[in-house]
Amino acid sequence: MCGIVAYIGEKEAFPIVLKGLKRLEYRGYDSAGIAVNNGEELNVYKKQGKVVELENFAKDKDTSGGTAIGHTRWATHGKPNDENAHPHTSDNEKYAIVHNGIIENYAVLKEELIQRGHVFKSETDTEVLIHLISDIIEKQQCDLFEATRQALNEVIGAYAIVVISKDNPNEIIAAKKSSPLVIGIGKDDFYIGSDATPIVEYTKNVVYLEDGEIARLSLDSGLTLKTIQNETKTPYIQELEMKIEALEKGGYNHFMQKEIFEQPRSIRDCMRGRLMLNENYISLGGIEAYQDKIFAAKRLIIIACGTSWHAGIVGEYLLEELSRIPVEVEYASEFRYRNPIIDEDDVVIAISQSGETADTLAAIELAKSKGATIIGICNVVNSTIARATDCGAYTHAGPEIGVASTKAFTGQVTVLTLISLLFGKNNGEIDPARFSRLMIEMNAIPEKVEEVLKSDSYIKEIAEIYKDSHNALFLGRGINFPVALEGALKLKEISYIHAEGYPAAEMKHGPIALIDEEMPVFVIATQDASYEKVVSNIQEVKARKGKVIAIVTKGDKDVRKIADHVIEIPRTDDMLVPLLATIPLQLLSYHVSVMRGCNVDQPRNLAKSVTVE
Ligand code: F6R
């Protein structure tokens, strides 16, 4: 949460930072600000609202200068307003800071600083840091780097920070702990971003700061790196693989729409080099190396949040069915605080699109501290979680910019399917004929997703009918139960319609009381092992005058007779239905959101990368 961008070099810094903030807006969008140093003045512009408000506000102002830091905020401490927007400045207005994270001991530090005469202008935790830094400079007559290093030793919490000084436009200081920060190294300049998206169009050479590292980016002496304990480090320069086109809407109206339609490609990319159809073989090198440990484990524990947690439940059905390994799925936020019983014999699968989710990261650290082996399933390459795990597999979905997760979910389910097939084959729990059949079916999934996407205009018609609903129910059984959960989450988060997902049979234990002629009930009713039972559940809804929108297997006749609308998906193996059944629900939420005039890509109160707990 919160996005940070910075630039130092020969070019005009303000437009570069502004553009970068627009790229990072998915991380938070309740206020934005930029501080720019033109060698004489440190001008700070900040505004409540989206980055475009800041852009309009700064239009007629002096934004000249080659050094700038910027921030787009998702409020934690202090409401979203101009005062609480970053950057924050010291009393003497000489130093400015942007920060992503939470300073947990800010109250104590603030009290001490107030007693020493510092005057606070905002309600944020961040402001203590810049007062502390200027306090240290004044007392010790040290430079900005040293003062920042010392200040960070007094801080408890998470931070990615960038600090500049009015007196030295030739240098920027950056540091990180638990929140991400990437440094781009240009020819004669430097870029900083919370992720690589603001950097990629200028340079491919990047350094990912590690926890506890502090960097000096100087136009005179280049990049130097230390730990906050003052040990010198050598920067490890990596090459970015990201392509700039992946960050544009490419003709679609919204990123979410683009990302839904990208799924045939993203699923194919996820399987490339892994699903070896001709060889009848699955290759997941990193994970396979830990296979003995996994087979010896009492159980697998999957930890994740939100949509990734839903993918985890699909994974539970897949892993238990195909490889007969017991699985538990936990919300990372619960796992980390409930003193879980876990030891070195346990194997944990952590799932995260962003690879930055604070709860998932903390749950990983906890499991690691008990000696467990951690497998990561992440989308963002080189993200904190990807680096914190013992091994893993990327989803290769490409940047997901819409806040609501779509292609990352199908990527996660694809990886979990591959893992289940791999383990099932290697531990002899899946018979060879079924393995081969599933390989063929898996290989055909991208094409079948393409076919589902052709129903877009029909799904739009259904969205038109139900767009004004106040509530909605999503039902599924077996492996499609988590698909129902995911369908409900998508609808509520981007259209603000209250929606709940349930295992279809649970309906009669409570939710059935909600059903009346106003209530749309979305049911995954494909022809699998629980088909007849789901058909009975549909009858129960219809008997109470509910409206049923059913996702059915192509050619289905029975459900068509009783449902109000049916959306067909191609036939596939029961275990692979989630990869297809999810798509119409994504499209439906998308269209409802657009029709209700909601901000599809940046729904209220949400942020893509939840780096606070
Ligand atoms: C919903 C959504 C969130 C995320 C959750 C975890 O559409 O995107 O529920 O799934 O915040 O995020 P990651 O996967 O980045 O750990």
For the stretch 441-504, what's the radius of gyration and Dmax over Cα atoms, in angstrom? 13.6, 39
So what's the angle, to the nearest 10 degrees on a 0 to 90 scale, between helix 306-323 and the longest Cα principal axis of the chain? 50
Apply 1/(1 + (r/R0)^6) to the Cβ-Cβ distance of residue 52 and residue 368, taking R0 = 45 Å, and write down the FRET efficiency to the nearest 0.05. 0.60
As a test question: what accessible area, to the nearest 10 Å², does residue 88 have when a 1.4 Å probe is rolled over all protein chains in place? 10
Whole-Å semi-axes of the stretch 3-246's equivalent ellipsoid (Cα gyration tensor): 24, 21, 17
Quick one: Cα centre-to-centre distance for the stretch 247-302 and the stretch 386-442, in angstrom? 5
Given bins 10 angstrom wide, list per bin the percent of all Cα-Cα distances in the chain, short to long. 3, 17, 25, 24, 17, 10, 4, 0, 0
Sorted largest first, the C-alpha extents of the stretch 383-482 along its principal axes in whole angstrom are 50, 38, 25
Which percent, nearest 5, of DSSP beta bridges in the chain are antiparallel? 65
Calculated FRET efficiency for the pair residue 542/residue 464, C-beta based, R₀ 22 Å, to 0.05: 0.50
Once neighbouring chains are kept in place and the probe is 1.4 Å, which whole percent of the accessible area of the stretch 395-537 is contributed by carbon and sulfur? 51
Rg/Rg_ref, the stretch 171-234, where Rg_ref = 2.2 N^0.38 Å and atoms are Cα: 1.05
Residue-normalised accessible area of the chain, expressed per residue, 1.4 Å probe, Å²: 38
Sorting 595, 439 by accessible area (1.4 Å probe), largest first, what list results? 595, 439
Looking at the stretch 250-453 only, what percent of DSSP beta bridges run antiparallel? Nearest 5 please. 10
Using only the alpha carbons of the stretch 239-296, what is the convex hull's orientation-averaged projected area in square nanometres? 6.7
Loop-located GluC sites (Glu not before Pro) in the stretch 425-524, at most 11 other Cβ atoms within 10 Å (DSSP): 517
Shape descriptor, the stretch 502-556: equivalent ellipsoid semi-axes (Cα gyration tensor, sqrt 5λ, whole Å, largest first) stand at 19, 13, 8
Which FRET efficiency value, to the nearest 0.05, do you get for residue 107 and residue 233 by plugging their Cβ-Cβ distance into 1/(1 + (r/R0)^6) with R0 = 30 Å? 0.40
Given the pairs 61/249; 460/545; 249/492; 19/46; 50/492, which span a C-alpha to C-alpha distance of over 19 angstrom in this model? 61/249; 460/545; 249/492; 50/492
As a Kirkwood estimate from alpha-carbon pairs, the stretch 250-453 has a hydrodynamic radius in angstrom of 17.0
The stretch 26-49 scanned against label point 7 Å out from residue 64 along Cα→C-beta; backbone N under 19 Å for 35-45
Looking at the calculated P(r) for the stretch 454-600, what percent of the C-alpha pair distances fall above 24 Å? 21
What GluC sites (Glu not before Pro) does the stretch 93-156 have in DSSP loop regions with at most 16 other beta carbons within 10 Å? 93, 104, 123, 154
Expressed as an acute angle from 0 to 90° and rounded to the nearest 10, what is the orientation of the C-alpha long axis of helix 126-140 relative to the principal long axis of the chain? 30
Could you rank 26, 394 by how accessible they are, 1.4 Å probe, largest area first? 394, 26
Within 10 Å of each candidate Cβ there may be at most 10 other Cβ atoms; applying that plus a DSSP loop requirement, which trypsin sites (Lys or Arg not before Pro) in the stretch 552-613 survive? 557
Please compute the Kirkwood hydrodynamic radius of the stretch 167-311 from all pairs of different C-alpha atoms, in Å with one decimal. 19.2
Under 24 Å between alpha carbons - lysine pairs in the stretch 256-394 that sit 8 or more apart or on different chains: 4
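The values are calculated or read from the model by the stated rules, or taken from the named source; none is laboratory data. No experiment lies behind these values; they were computed from the predicted model shown. Backbone-built Cβ (ideal geometry, glycine too); neighbour counts: all protein chains shown. To get the accessible areas, we keep the full protein, side chains included, count just its heavy atoms, and leave off ligands, DNA and RNA. Shrake-Rupley method; radii C 1.70, N 1.55, O 1.52, S 1.80 Å.
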